[in-house]
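So the structure is just underneath, and the comments pick up after that.
Bear in mind that the values in this text are calculations on the coordinates, not laboratory data. From a predicted model like this one, the values you see are computed outputs, not experimental measurements. Note: ideal-geometry Cβ built from the backbone for every residue, glycine included; neighbour counts use all protein chains shown.
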Amino acid sequence: MRFPVNSESTGEREIRHLRYQLEARFGARVNVSGFDFDCRAFLDLRRNQYSSSAIIKLLERYLSSSAVKVLAVTGLDLGNPVLTFVFGEARLNGQCAIVSSYRLDNKFYGLPDNPALSQERLLKEAIHELGHTYGLFHCHNSECVMQSTTYVEEIDFKSSRFCDKCWDKLDNVGGLPENAALFSQVPGRMPGRDEAGNSLGL
């Protein structure tokens, strides 16, 4: 797997921790790389959000042949034409996914900072979006990580693990990757803090 990351609300420590968590959960080697590109082309000025679908398309053009899956992690606020915002998006049965920490931070909601909770939310969303890249759809099991979430509180209610049915589906598609990549995106050229094909959000 491969992952791009970084912005004001997702730092190196969070990414390093996410890497270890994903390696332990998937039993795969995860490489972390910086991925510096100008996101202004993906900015919707009316909503002050960045197109998750457009970023996934860009990632697909720069895929590493050694990476089975690519996960981008960013602190930008993401959206798409269908939904007001997304915590993340993935190419169904594809190689690329993206997650955002922007709305996973308690500070976004005016609540006391809770780094451990933010990290747990990020892990759940990362596993959820990677699940989509393996062909998993949203799950009706309230504890499964593949359950769809609209609000951050719903992320807290579910676990970070696949239910038995989703694990069985993963086994049927050949199991989990031996190599993955995690990208880190530098925010230097991003203004302020500011879905195409078969894509799934949230």
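Each 10 Å bin, from zero up to the one with the longest distance, holds this percent of the alpha carbon pairs of region 105-162: 24, 52, 21, 3. Structure note, pairs LYS107/LYS158; LYS69/LYS169; LYS69/LYS124: Cα-Cα distances above 19 angstrom occur for LYS107/LYS158.
Going by neighbour counts of Cβ atoms within 10 Å, the residues THR84, THR149, THR74 line up, fewest first, as THR84, THR149, THR74.
In a DSSP loop and with at most 13 other Cβ atoms within 10 Å, the chymotrypsin sites (Phe, Trp or Tyr not before Pro) in region 131-176 are PHE137, TYR151.
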